[in-house]
1. Using modelled backbone amide H atoms (1.01 Å from N, in-plane), which distant-in-sequence or interchain residues come within less than 5 Å of K270's amide H?
2. On full extension of the chain, what length is gained from A148 through N260, given 0.36 nm per residue of separation minus the C-alpha to C-alpha distance?
3. Can you tally the net charge around T54? Count Lys and Arg as +1, Asp and Glu as -1, for every other residue whose Cβ sits under 12 Å from the Cβ of T54.
4. Report the label-to-label distance for Q447 and V195 in nanometres (one decimal), using points 7 Å from each Cα along the Cα→Cβ vector.
5. Computed FRET efficiency, Cβ-Cβ of D85 and R159, R0 45 Å: what is it to the nearest 0.05?
6. May I ask you to work out the translational diffusion coefficient for segment 318-439 at 10 °C, viscosity 1.306 mPa s, via Stokes-Einstein with Rh from the Kirkwood sum over Cα pairs, reported in whole µm²/s?
7. Suppose we flag GluC sites (Glu not before Pro) only when DSSP calls them loop and at most 10 other Cβ atoms lie within 10 Å. Which is the longest uninterrupted stretch of the chain?
8. Could you state the angle between the C-alpha long axis of helix 3-25 and the longest principal axis of the C-alpha atoms of the chain, as a value from 0 to 90 degrees rounded to the nearest 10?
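Every number here is computed from the coordinates shown, using simple stated rules; none is lab data. This one's a predicted model, so the numbers in the text were calculated from it and none came from an experiment. Cβ placement follows ideal geometry from the backbone for every residue including glycine, while neighbour counts extend to all protein chains displayed.
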Amino acid sequence: MNKRSTGLLLSAILAFVGLLLMDMEFASSVDPVAPTIAPDTATATTATATSTSTTRARDPGVRGGTGAAGGAIAGLTANQKMFFDAGLEDFSEEETVPEGLGPTMNLDGCGGCHSQPAIGGSSPPVNPQVAFAGKLHARNKVPPFITATGPVREVRFIRNADGSPDGGVHDLYTITGRDDAPGCSMSQPDFATAVSNKNAIFRIPTPVFGAGLMELIPDSAILANQTANATQRRTFGIRGRPNIILAGSTVSGQPNNNGNDGTIARFGWKSQNKSLLLFSGEAYNVEMGITNELFQTERAEQANCQYAMAPNDITDSESTETVGTISAIEKFSIFMRFLAPPTPSADTPGGALSISRGQQLFSAVGCAACHTPMMQTGNSTVTALRYKPVNLYSDLMLHDMGPGLADGVSQGQAGPRDFRTAPLWGVGQRIFFLHDGRTSDLLIAIQEHASGSTRTNNASEANLVVANFNNLRENQKQDVLNFLRSR
Ligand code: HEC
Ligand code: HEC
């Protein structure tokens, strides 16, 4: 262990001792947004501690109930609401080959993948990719990593056959055999070989609730948040940096991937995309095979498998309706932009006291050093989005998460072990966690944050924080889990 890491470890231990003491009096100095807890609450906690410390903490599971997510953000004008509704309808639609679907895709609608607990969310309890494989007599084989009760997944290959970096999405299915695709014949990628060569990685859908608020957090606010708690982060061994996708970073002998405008990207597991419009254009072509005004050419150009005009979906300059003119990717974007963030529960699960203790502990052990509870939007032409609090629980930074979570894929400045701090709003009603959906258990999701070592120079930035969490008493861990499931 080098001198610097010894120093880090020492200060982390000191911080943790401080935390234990602090826990007794529930000082809230670490977390500026957490409510101060009255001394009598602290006494009650200590009492609970002695009576329940032998019960093992466990994930209370998906919080039930509807209505906590899926509605429009408050304060929209009647016309804005009309665009939101039109976007919701299009986002929910299942599309067909004559409309441009395919020739390769992962599913036939945005809403199929983004649907738990409401349209706009993440992976549902029953994976629609199983039934879709044979829809309209399509002749696809369902790969072994796609199961009825497993998460929706898209696949990326780490390397090309010649060993050079790939990192791109390889669609699960083709339209071969479908009633609406006569004469098309294509084969699916060789997933069996990719899996046995450990060359395939998975990504599950991220929810888009509150995405319009995330889109409008100024770069300066993201950077200011990074410096605001720099000392605390250092104590926990946390670094973090934004995914600034540099323009013009050409790899010689390869096509130039666009770098756009050089501001902070923030959407996707690696913060690889700047905006909702960009994500919509990309998802429409990559997930569904529908070309559009952002991505005009087909990913699979095989001549006998093209059935619609290209680009498949564009602005309808002939439409006579107000919402009929704009293209689908703009409708999707407007829907997501106006989609409200999830509403947390004040008392479920575990009761209000446990949830607020959990909130305190979440900050005290260091989770909040990455999962920033609150940021703010900047100016916006849309009043409902202007200067609003964004309770997202993310710093929108990339962190080195060690070899345990590494997926070997680089996107922009995000390297093979780097991920965006996953926003935690809505986590209470999520079924699958982490970029590949490897677990449905929040306790495991927390443990998976830790891997690697400072000695081998591949330590996850979350190692010390996870150690702090593990040193909590069982009832305190339960408070943290109740807090997470209340979001
Ligand atoms: C086959 C499943 C699937 C379909 C269909 C799909 N998505 Fe996604 N979506 C994903 C996955 C997987 C991710 C995470 C991708 C990543 O980060 O690599 C994602 C991420 C996103 C995000 C990023 C949100 C954030 O904060 O990270 C947006 C926005 C989005 N999708 C919009 C759409 C839209 C719009 C459509 C329809 C045109 C769509 N998606 C269709 C699977 C899907
Ligand atoms: C070093 C920064 C960092 C710290 C510290 C950290 N996290 Fe995370 N967290 C992340 C990143 C990055 C991800 C996404 C990782 C992935 O999917 O591979 C994540 C994912 C999660 C998820 C899954 C969310 C999802 O969308 O699937 C949960 C739950 C979570 N963190 C809770 C916690 C808790 C509780 C703590 C404190 C014990 C904590 N995190 C500490 C960075 C951090």
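1. Sorted by chain and number, the residues that satisfy this are R420.
2. Once the chain is fully extended between A148 and N260, it gains 36.5 nm.
3. Net charge in that neighbourhood comes out at +1.
4. A separation of 2.4 nm, rounded to one decimal place.
5. 0.55
6. Diffusion coefficient, whole number: 90 µm²/s.
7. 1-300
8. Helix 3-25 and the main axis of the chain meet at about 70 degrees.
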